[in-house]
Structure formats: C-alpha cells, structure tokens
Amino acid sequence: MKKVLFGAMAALTLVACSNDEVTDVTKSKEIKFTVSTGNAETRAADSYCSNNLPTSFKVWANVGDKNYIEGETYTKSGDNYVVGANLRYWPADNIDFHAVVNENGTTSWAPATGQLSFNGYTVATDVAQQKDFLYAVAAGCSKPASGVQALNFRHALAQVMFKGKCENSKIYVEISGVQICKIKNKGNFALPLASTDAKNINHGPSGWNTALVSGNYGVWSDQMGSVTNAVSFAETALDNAGVNLTYTTADYATNNIIYMVPQTLTPWEASNGGTKPAEQDGSYFLLTAKIWNIAGGSVDKDNDVVIYDGQIAIPTDDRKFEGGKRYVYTFIFTAGGNGGWTPDPVKPVLTPVKFTVTVDDFVEETNKDIETPNA
C-alpha cells in the first residue's frame, strides 16, 4: 500500500501450529499483536502450539533496505501484544516482519537484505531449562483488508521423545531415566527471507514425522558440541501389555522431551568387549533401568530376583534430525534380545541361561563271578 494509513490499526496475529482465528482486534494506529490461545500451562521444556502460545516475542522489521524495528519485545497485555512506550506504526510502503521466541546467541541483523540470524545458538544441557525456539517471517506486508496480518511461527529445533515396551514375558523392566549422549547442541541459525505462512497443522496421532509442508524454513550451519541431555521419569514399568513409557499421542506438551539442534547422528559402534561409548564420538542412548526375573505368572518384586540394576547403553540410529519434527524412539525388550549393553565394560545386559552338558561315563568296578548254588 503506497499511502499512509490513518484511523485504523493494522495488527499482526501470531499463529503457531494451527489455523485458530483472531478473537479480538482493538482499533489503533500503532502496530500491535493479538493472539488466540488456550489455557495450557507452560514449562521451559514444553512445546508451543496454538493452544499453548508464548507470552512474548521479539520483532525485527525492514522497509525496503531501511531498518524499521530492531529487536523490540512484544508482551501480552489483555488480548493484545504490546511493545510499551516505543510504539511502532504502519508505514506507507510494504514492510517485512521477522519474529522469534526464545532466541539466544549473537544476533545479526542486516536490514538492507532483511537477513536475521543468531550465531552460536545453544540448547541447554539441562532439559528443564530447554526452550522451544520459534521463528516467523511475513515479507512484503501492507495492511490487509481485514486489518490483520497473519504471522505463522515455526519450530527451529527438533524434538525427541521416548516410549518403551517389553515383549519378553519372563522379565519385568522399570525405566527411571533416558539420556541421549554425544549430540551437538550449538550452531548458527538464519531465518528465511521469504514468508513462513504455510502451516503445519497435522499434530494428531497420525501426524508425527510426516513431511513438512512446502515453504520457507530457516537454515542451520556449523553445528558443534558433544553433550549429554537427559530426562527422568517416575519408575515406569514396561510390561507386555503395550507401549507405556512416558508419551501419549493425546499429550502434545509434556515434561519428558529433549530439544536438539538439527543434525545427522553418527551412532556408537557397539560390540561385546568393544570400545566404551563414552570413549567414542558416536551417539548413544543411556537408560537407567532395573530388571526382574519373573518366576511365576507375574512379577513379585519382594521375591523375584533382580537380574540387572544400572545403566544400559544403546546406539542411536544415523537419521537426520530436522527442525519442526518430533522423533519418538521406542525401546523394545524382546524375547531374544540382549537388553542392550553395559557401558563399562561393554557386555550384554541380559545373557540367557544356557547349558552345555557332559555326562560321566560309568566307571567299571572289578568283575566278580557268582556261582549258582547246588541243588
């Protein structure tokens, strides 16, 4: 739009993971943000979605090659997100918006090109302190007829969750923690220049790990670091009734998740008596588990024998992790499996009881003749 706007507000709406509509717009000349949100409680490691929206975000904007907004924080106030005293108004020319949630590292902003990036972005090693890193771009914006400009946020990080299952009816397994070790947790991230308006909205049980929608995505580079991230669980039994570690498909926001910088993993090479996982560069899972032998029809913890109590190392796969995708790993204790590896020294966690048999030959004693008695 090539004329100055008077009298009506041109607002931006924040849309994360859904097509939820704007619930209220307050008329004003200044640029404000209004969002629709549910009542979901948030925690550092919870993921954002349309019913769990962030309480604030930062905005950078350029008009042509000129700087217009630089890192201003918009905070929720009533139904709107406002910037405080440093108000911004809609310009006469088109404007490009760039927004982020939970950024860190060194900010690089080039209004001449509209490039916003964060160098040295770091994912916390303490899972309780990890945050869902969001970004959005709306390029070439003028005030739409409705007075509302949609801004669709995407997830920059990958998300990892865990499930467990026991298919061996002769053992009872409890897992109290999972670590993913030797992963990179630092890198440089650049927002795309074009809009992120295409939405990934299929977040139901059938939607995990499906292809991302076509569109524009940020780019990671120079990933580095070799760290361990861990989640802890209440002692969760894995019985042969099904998959029951921590994750349910009905629960999008959960405490038991790990965020990862997108990367391709190189798995630890496990072998009996081989190199300890801590001494290799390869990635591996480290479970904290306790395993009982089941003598009867069901476990009796007071009387059944504990056959393992400690850590279990399992190599990761070599998949490529992408931002905006959730990866769910299921640890399955099979009837014929070794249960994983002890990390130091490397040997099978479970070794079936087998036997080799020898039988003593009969030892021949001194022969003795017995005569039948006479009549």
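The values are calculated or read from the model by the stated rules, or taken from the named source; none is laboratory data. From a predicted model like this one, the values you see are computed outputs, not experimental measurements. Every residue, glycine among them, receives a Cβ derived from its backbone with ideal geometry; neighbour counts consider all protein chains shown. With ligands, DNA and RNA removed, areas are computed over all heavy atoms of the protein, side chains included. Shrake-Rupley method; radii C 1.70, N 1.55, O 1.52, S 1.80 Å.
Taking packing as the residue-averaged number of other Cβ atoms within 10 angstrom, the listed peptides 82-95, 115-128 run from highest to lowest as 115-128, 82-95.
Rolling a 1.4 Å probe over the protein chains gives LYS199 an accessible area of about 60 Å². In the stretch 258-375, taking the dipole from charged Cβ atoms about the Cα centre, the farthest positive-side position among GLY296, PRO348, GLY310 is held by GLY310.
Which pairs, out of LYS131/LYS163; LYS58/LYS163; LYS76/LYS325; LYS76/LYS163; LYS276/LYS354, put more than 30 Å between their alpha-carbon atoms? Too far apart for the 30 Å limit: LYS58/LYS163; LYS76/LYS163. Scoring 297-307, 63-73, 181-191 by mean Cβ neighbours within 10 Å over their residues and listing the highest first yields 181-191, 63-73, 297-307. Residue ranges 164-174, 220-230 sort as 164-174, 220-230 when ordered by packing (mean number of other C-beta atoms within 10 Å per residue, highest first).
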